[in-house]
Amino acid sequence: MTIDQKKRLMLIIRYFTLITISILLIFNGVLPAQPLSFNLKEAGEYAVKNSYSVQNARYDLEIARKKVKENLSFGFPQIDGTVDYSYFIALPTSLIPGDFFGQPGEMIEVQFGTKNNLTAGVTLNQLIFDGRYFIGLQYAKIFEQISAENLEKSEEDIRETVSRTYFSILVGEESLKILDSTLVILMETLYQTEELYKEGFAERTDFDQLKITVTDLQNMINLQRRQNELGYKLLKYQMGLDLSQEILLTETLDGLINDAGISALAEQQFNPANHIDYRLISTQEKMQVLSLKNERAAYYPKLNGFVFLQENAQRDSFDFFDIDQPWFMTSSTGVSLKIPVFSSGYRKSRVGQAKLELEKIRLTKNQVQAGLELSALQSRSAFITALENYFRDKQNIGLALDIYSRTLIKYKEGVATSVELTQQHQQFFNAESKYFQTVFNLLDAKNMLDKALGNY
């Protein structure tokens, strides 16, 4: 084997060794998991599939579907089997007039039966007519619909919550970038001031004032970093992710604002049928209508059919498995009709209560509709206000940055004092903080308006 072939073989061995080690490390959890990337829509969809609240609502829907099948089964044949065994320690005694035995005027003690008795039977019951049964089927369907709408509401709520947290993280990240860039400029200015102070060309007050400003800014940066970390943890919790899983947010604030569809949203008209809360109360109204029908159905007769088959064995000894010994069969079939006649006003009271409950829920439905319309108006007003504030503060932060930049130049030229520089820096910082809060308020107001209009 030549030297080149040996080198090539060694490289191949090393390559496969590295691959094997990497695979083993991944399967043993040594290598960190790769970060997951989410835009706003992807984060919402992931939360819908994996959040704790939505999963519980999904279970409730499955329970409702099982409930429909449970109610449906009552109308199909019901078969029950019974096996009864009894052993008489002492056989029952009966008194028979002695006339039957040639002893008139006396009572003769006689024992009938056997010590061992075994009875096995099968009964089939079939519902023929029951007004409540058919109403119950409709009731179960409505219950399933309510569970489905509750699931939809849970999905809307988690999308709104995730969006709000997503916005706050992006605002925090952008704020941190500006704070970091400002700190770099101030640190450079502080260094230059310190050098000038050492040479006698600057006052100690200027140096101390800048040092205080730098320290305050560093504390703000540390606070913002901690808040961002908590924001990521909260978002992962809301999405149903492991808190140790690293995630990346791919949206930008400018991109979200540009994609907000601001003009169309501000002009969209409210339609209560689009809102999940209105659909929920409408479904509850249907359920209450069925409840009233159910109480009225208590006046209807109930008809059941049955088939009964039974075999009985009586033995003095326990030999029920002896096929030569006899078994005695009993069977019957028939119908059972139950007719409500008089309940001392019980059924009438139940119907009256159901009517009042229906009136209450209809009143609540009107209240919900009015409340949703009011909420849509308030959300639209808040959105327009947030939009106006956004344009104003966006302009203000540009002006504040320009003033601060010019003051910084003047300070370096010795024209402005450190106090003036600190004041302008504070003004810029306040404008920056206000701007990012306005951005968050705009996105959050847009989020709330979407929910109020039923756009989810």
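The values are calculated or read from the model by the stated rules, or taken from the named source; none is laboratory data. Bear in mind that the values here come from a model prediction, so they are computed numbers and not experimental data. Ideal geometry is used to build each Cβ from the backbone, glycine not excepted, and the neighbour counts take in all protein chains shown. Side chains are part of the model used for accessible areas, which takes the heavy atoms of the whole protein and leaves out ligands, DNA and RNA. Shrake-Rupley method; radii C 1.70, N 1.55, O 1.52, S 1.80 Å.
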Checklist entry - Remind me, relative contact order of the stretch 323-455 in percent, using alpha carbon pairs under 8 angstrom and six or more residues apart? => result 31 percent
Next on the checklist: Just to confirm a number: summing +1 for Lys and Arg and -1 for Asp and Glu over residues other than Leu95 whose beta-carbon lies under 11 angstrom from that of Leu95, what do you get?
Outcome noted: -2
Checklist outcome for this item: Note: the stretch 370-429 at 20 °C, 1.002 mPa s; Kirkwood Rh on alpha carbon pairs; Stokes-Einstein D in µm²/s works out to 154 µm²/s
Next on the checklist: For the stretch 130-283, take N as its residue count and report Rg(C-alpha) divided by 2.2 N^0.38 Å.
Outcome noted: 1.82
Item to check | Zero-based 10 Å bins, Cα pair distances in the chain, whole percents | outcome: 3, 11, 13, 13, 12, 12, 10, 8, 6, 5, 3, 2, 1, 0, 0
Checklist entry - Roughly how tilted is helix 40-50, in degrees to the nearest 10 and between 0 and 90, from the longest Cα axis of the chain? => result 30 degrees
Checklist entry - So what does Phe207 come to for accessible area, using a 1.4 Å probe and Å² rounded to 10? => result 30 Å²
Checklist outcome for this item: With all protein chains in place and a 1.4 Å probe, Asp216 shows an accessible area in Å² (nearest 10) of 80 Å²
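How large a share of the accessible area of the chain, in percent, is made up of carbon and sulfur atoms when the probe is 1.4 Å and the other protein chains stay in place?
58 percent
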Item to check | the chain, relative contact order [Cα under 8 Å, separation at least 6], % | outcome: 22 percent
Checklist entry - Which residues make up the longest stretch of the chain that has no GluC sites (Glu not before Pro) in a DSSP loop with at most 14 other Cβ atoms within 10 Å? => result 247-412
Next on the checklist: Nearest 500 deg cm²/dmol is fine: what mean residue ellipticity at 222 nm does the chain get from its DSSP H runs of n ≥ 4 alone, each adding -39,500 (n - 2.57), divided by its residue count?
Outcome noted: -23500 deg cm²/dmol
Next on the checklist: With angles folded into 0 to 90 degrees, how steeply does helix 131-199 sit against the dominant principal axis of the chain? Use alpha carbons for both and round to 10.
Outcome noted: 20 degrees
Checklist outcome for this item: For the chain, dividing by residue count, accessible area per residue (probe 1.4 Å) in Å² works out to 63 Å²
Checklist entry - Roughly what angle does helix 418-453 make with the longest principal axis of the chain, taking Cα atoms, 0 to 90 degrees, to the nearest 10? => result 30 degrees
